[in-house]
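Enquirer: First the structure, which I've put down as structure tokens, then a few questions once you've had a look.
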Amino acid sequence: MKFARRIFFMIIGTILVSIGLEIFLVPNHIIDGGIVGISIILSHLSGFPIGIFLVLLNLPFVVLGYKQIGKTFAISTTFSVILMSIGTSLLHPVQAITIDPLLAAVFGGIILGIGVGLVIRSGGSLDGTEIVAILFSKKMPFSVGEIVMFFNFFILASAGFVFGWDRAMYSLIAYFIAFKMIDITIEGLDQSKSVWIISDEYQKIGDSITSRLGRGVTYLNGEGAFTGDDKKVIFSVITRLEEAKLKSIVDDLDPRAFLAIGNIHDVKGGRFKKKDIH
């Protein structure tokens, strides 16, 4: 069942990516970052369909990074790339919905980002530059994200020489929107957050989080670095929509409490279930 669900969302994701590219971005000479951006430029210069370059440029990197990314990820990525290539080829003759470059950048970026996010959530990938970045990061003093941004800077800048600098700026808009939509799709609109609270009123705060937010809490033992006093640390996981209420609870019970809230990408197990806030 899980395998069928992954395949389903992977197919939906690649369809959305194909629509974002061929119905919005490519006809308006707007590119995305990574291998997709390079493929759009090469397709424009050579006249060959973009799907050919998506396969030719991505698959060698999948083979190159096979040992680094694992067999399952490599197979899922290969499957996704081939589907995307087929999708873009089928949609290539379809007329663009809009010739307004701003609308194309915005809506193309949204659709593309959702599609890529679904593929990533399903265990695949559509961009070989990430694999290259993983390999380079092991030999260079840069993170994967920094290397990807370095690649994309030159890819997006090259759009200025090929399509004109106005299209390069529209491409930057599309890239930024797609980047944010990927995050939203992967993490969800109801993003989870980890909460750490240090307070002498830990029992009252913990009970209130449980009763008013319906969230489980865990008490951890800590020690103050300056005083050496024993401290109780409250740990819990909430949603973005519950953040304001939690701050209100903590402020009412102990205005001097230490409160730290951070984003987390995935939550599994435990008592993490949505309940009414009161």
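The values are calculated or read from the model by the stated rules, or taken from the named source; none is laboratory data. Every value quoted in this text rests on a predicted model; they were computed, and no experiment measured them. In this analysis, Cβ positions are derived from the backbone assuming ideal geometry, glycine residues included, and neighbour counts consider all displayed protein chains. What goes into the accessible areas is simple: the full protein's heavy atoms, side chains included, and nothing from ligands, DNA or RNA. Shrake-Rupley method; radii C 1.70, N 1.55, O 1.52, S 1.80 Å.
Enquirer: Quick one: Leu57 ticks every box in (1) within 21 Å of the chain's Cα centre (by Cα); (2) part of a helix (DSSP H, G or I) bar one, so which box is it?
Expert: Answer for Leu57: the failing condition is (1).
Enquirer: Oh, and also: Find the residue count for region 106-147, including only residues that are modelled with pLDDT under 80, open to solvent by 30 Å² or more (accessible area, probe 1.4 Å) and farther than 23 Å from Leu83 by Cα.
Expert: 13
Enquirer: I've got another one for you. So the check is Cβ under 7 Å with 6+ separation or different chains; which pairs have a first residue in region 229-256 that's among the small types (Gly, Ala, Ser) and a second one that's at pLDDT 85 or above and surrounded by 13 or more Cβ atoms within 10 Å (Cβ to Cβ)?
Expert: Correct list of pairs: Ser236/Val195; Ser236/Ile209; Ser236/Arg215; Ser236/Gly216; Ser236/Val217.
Enquirer: Sort out which residues of region 45-85 are closer than 16 Å to Ile11 by Cα and open to solvent by 90 Å² or more (accessible area, probe 1.4 Å), and write them in order of number.
Expert: Of everything in region 45-85, just one residue is closer than 16 Å to Ile11 by Cα and open to solvent by 90 Å² or more (accessible area, probe 1.4 Å), namely Ile75.
Enquirer: Something else about it: Suppose we filter region 1-44 for residues that are in contact (Cβ under 8 Å) with a residue 60 or more places away in the chain, surrounded by fewer than 21 Cβ atoms within 10 Å (Cβ to Cβ) and either aromatic (Phe, Trp, Tyr) or not in a helix (DSSP H, G or I) (or both); how many remain?
Expert: 2
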